[in-house]
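Here is the structure we will look at.
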Amino acid sequence: MSDTTSNKSGLKILTGLWPFLKPYRWVLIAAAVALTFTAGLSLSLGQAVRLVVDDGFIAGSLEKLNQTLLLFFVVVILMAVGTFIRFYLVTWIGERVTADIRKSVFNHLITLEPNYFETNRSGELMSRLTTDTTLLQSIIGSSVSFALRSFLMMLGGLIMLLLTNAKLTIVVFGALPLVMLPVMIFGKRVRKLSRDSQDKVADVGTYAGEILQQIKTVQSYTRENNERTAFSTEVERAFEVARNRIINRGLLTSLVILFAFSAMGAMVYIGASDVLSGNMSGGELAAFVFYAIMVAGGVAAVSEVLGELQRAAGATERLLELLQVKPEISSPMLIKAMDVGTQSHIHFKNVSFCYPSRPDVLALNNVSIDIKRGETVALVGTSGAGKSTVFELLQRFYDPQQGEVLLNETPLNDLDIFVARQQMAMVPQQPTLFSANVLHNIAYGKPDASEQDVIDAAKAAHAHDFIKKLPENYESFLGERGVRLSGGQKQRIVIARAILNDPEILLLDEATSALDAESEKWVQEALQLLMKNRTTIIIAHRLATIVHADRILVMENGEVIAEGTHQQLLASSALYQKLAALQFGHQDKVV
């Protein structure tokens with residue numbers, strides 16, 4: 001939790017919503033005017049009750065009764081109009097502010113480095129983005145308005161009580177400390193339980209999401225019953241926290257109602273005695289009872305809404321925590337321009353790096369790599385050698401602890417992060433597709449591309465033929481993570497995306513590993529064409545795919561231990577010889 005959030009407590013956290021409300025302050029003012037207007041009209045009904053009793057019933061005047069009832073209906077009509085305006089404006093603000101918060105949180109989240117999402121569960125983040133903002137919409141759009149109206153009715157009712165009968169008002173004021181006592185005792189507890197309840201709901205969503213994403217694994221290992229039990233445990237934990245919250249909130253509301261209406265009963269008894277003794281009129285007592293009920297109802301409503309506001313405070317706290325997370329990777333204040341005419345295109349200069357989750361293990365150890373413009377360089381080595389880390393640092397998902405990475409002889413840290421990444425296109429070993437159609441997935445890196453450009457890229461990646469066989473061709477929906485395609489088809493879609501992006505730097509992470517022999521032949525030809533006059537780095541596990549690379553770097557334990565052409569490494573590198581022997585059987589069989 002951030003220091004800013006931790007320094008705030010209780011409902012003060014809700015002040016963090018003001019930056020989102022401020023742009024609509026005139027709407028807020030209009031809503032407040034409508035709220036005050038309707039509250040004032042509601043309070044005036046008490047005087048109408050007094051006139052009906054004293055001038056109508058007790059005085060026996062039909063004319064006075066008709067006039068009073070006519071005035072009553074005029075007030076009711078005005079109240080209805082004012083209530084509509086208040087309801088519309090307040091609900092509009094709730095929807096508008098919720099939409100702004102959702103956009104702000106999402107816009108902030110996508111600026112955070114990948115490491116943040118490795119240490120924070122996606123289900124938890126989605127819960128905050130959806131459930132918490134929906135809760136705020138309900139609070140801002142209805143509960144706050146209801147609370148303010150109830151507070152105004154309570155305050156105005158107390159003033160009218162004082163004007164109507166000071167003696168009975170003292171009884172009401174004497175009861176207020178008793179009424180507020182439960183709020184003070186249970187309010188903080190309800191807020192904590194509200195936060196815990198929202199966290200547990202997020203846990204349930206996270207667990208369910210993970211199981212559904214891995215449904216094939218669950219079913220193949222026949223773990224359905226185990227997952228039912230585990231999910232049931234998560235749900236019951238969330239229910240138990242919610243039950244405790246409901247108990248505390250129920251006690252809060254019940255005690256407030258008990259004390260408030262007990263005080264009103266005492267007040268009615270005293271007032272009735274005064275009427276019988278002739279110290280006040282029946283109309284005054286009726287008006288006083290009307291205001292007393294209004295005050296008691298207002299207190300009860302405010303206490304009930306306080307529980308909702310405590311939940312809103314919990315939701316606000318969770319959202320502000322996200323907004324206060326500072327990106328560790330961002331563009332510098334003073335951005336340098338790249339010199340695109342340099343001979344050195346990519347340069348790792350004495351780079352050492354540890355992943356934040358493994359601070360004691362060097363993923364790269366004093367690595368220096370200089371790649372010329374237009375050169376094709378392959379990285380080979382056993383798993384964990386540091387090959388993928390080179391890609392991670394080059395795309396600046398992380399910054400090295402020592403040394404620097406340069407692009408066109410300019411440190412990556414000095415470049416606009418978006419401009420630097422736009423120079424590259426990545427084809428990962430595990431293809432990444434979105435829940436959209438083929439057109440969207442291929443054009444993802446170049447959304448302004450024409451449909452013909454997309455088709456040409458698909459043809460170059462040898463994906464056009466199978467795309468045409470899909471139900472709606474390029475408009476076909478691929479399902480979550482491209483579940484409707486085979487592994488080879490997914491890979492060709494991703495390759496088409498890279499071809500369309502037309503990058504200066506091409507990053508291939510065993511890009512043909514998911515293809516069958518025939519598809520691999522065609523895609524290799526497409527990649528060879530794409531790599532011409534382009535700087536290319538290839539992570540390779542199958543040496544047959546990189547025998548024609550300009551240079552091959554052999555990596556082990558985060559270090560570059562050898563480099564050269566395929567034939568040079570066969571003669572000089574023991575590790576490369578071992579890898580070649582494992583894949584080809586004998587060195588002399590390697591092309």
Run the 1.4 Å probe and let me know the accessible area of Arg25, rounded to the nearest 10 Å².
110
With the full set of protein chains in place, find how many percent of the accessible area of segment 375-488 is carbon and sulfur; take the probe as 1.4 Å.
48
So for R0 = 41 Å, FRET eff. of Ser254-Thr36 from the Cβ-Cβ r, to 0.05, ends up at 0.85
Amide H contacts of Thr376 (H built 1.01 Å from N, under 5 Å, at least 5 apart or other chain):
Thr536, Asp550, Arg551
Ordered by residue, what ³J(HN,Hα) values in Hz, to whole numbers, does segment 89-106 give under the Karplus form 6.51 cos²θ - 1.76 cosθ + 1.60, where θ = phi - 60° and Gly and Pro are x?
5, 5, 5, 4, 4, x, 5, 5, 5, 4, 4, 5, 5, 4, 5, 5, 5, 5
Long-range share for segment 434-502, i.e. C-alpha pairs more than 17 Å apart as a percent of all pairs, stands at 28
Surrounding charge for Ile539, neighbours by C-beta under 10 angstrom, Lys/Arg +1, Asp/Glu -1, total -1
Accessible area per residue in Å² at 1.4 Å probe, computed on segment 96-156:
45
Can you run phi through the Karplus equation (6.51, -1.76, 1.60; θ = phi - 60°) for segment 341-346 and list ³J(HN,Hα) in whole Hz, with x for Gly and Pro?
x, 6, 6, 7, 8, 10
Taking placed amide H atoms and a strict 5 Å upper bound, the residues 5 or more places from His345 or on another chain that come that close are Ile371, Lys372, Arg373
What figure in square angstrom, to the nearest 10, would you give for the accessible area of Asp100 with a 1.4 Å probe?
30
Got a sec to turn the phi values of segment 494-499 into Karplus ³J(HN,Hα) couplings, 6.51 cos²θ - 1.76 cosθ + 1.60 with θ = phi - 60°, whole Hz, x for Gly and Pro?
5, 5, 4, 4, 5, 4
Relative packing of 525-534, 270-279, which averages over residues the other C-beta atoms within 10 Å, highest first
525-534, 270-279
What's the percent breakdown of Cα-Cα distances in segment 80-152 across 10 Å bins, shortest bin first?
18, 38, 23, 14, 6, 1
Exposure of Leu258 as accessible area (Å², to 10), given a probe of 1.4 Å and all protein chains
90
Separation of the Ile293 and Arg358 label points, Cα + 7 Å toward Cβ, nm:
7.2
Net length gained if the chain between Glu124 and Asn244 were fully extended (0.36 nm per residue, minus Cα distance)
41.0 nm
Packing-based order for 38-44, 343-349, using average beta carbon neighbours within 10 Å, highest first:
38-44, 343-349
Using amide H atoms built 1.01 Å from N in the peptide plane, name the residues 5+ places from Glu556, or on other chains, whose amide H lies under 5 Å from its own.
Ile561
So how much slack lies between Ser383 and Val547, counting 0.36 nm per residue of separation and subtracting their Cα-Cα distance, in nm?
57.1 nm
For segment 354-454, place one equal point scatterer on every Cα, skip the solvent, and apply the Debye formula. What is log10 of I(q)/I(0) at q = 0.11, 0.14, 0.16 Å⁻¹?
-0.46, -0.72, -0.90
Can you give the FRET efficiency for Asp100 and Leu69, using 1/(1 + (r/R0)^6), R0 = 35 Å, r = Cβ-Cβ distance, to the nearest 0.05?
0.15
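The values are calculated or read from the model by the stated rules, or taken from the named source; none is laboratory data. As the structure is a prediction and not an experimental result, all values here were calculated from the model. Positions of Cβ are generated from backbone atoms using ideal geometry, with glycine treated the same way; all protein chains shown enter the neighbour counts. Ligands, DNA and RNA are excluded from the accessible area calculation, which covers all protein heavy atoms including side chains. Shrake-Rupley method; radii C 1.70, N 1.55, O 1.52, S 1.80 Å.
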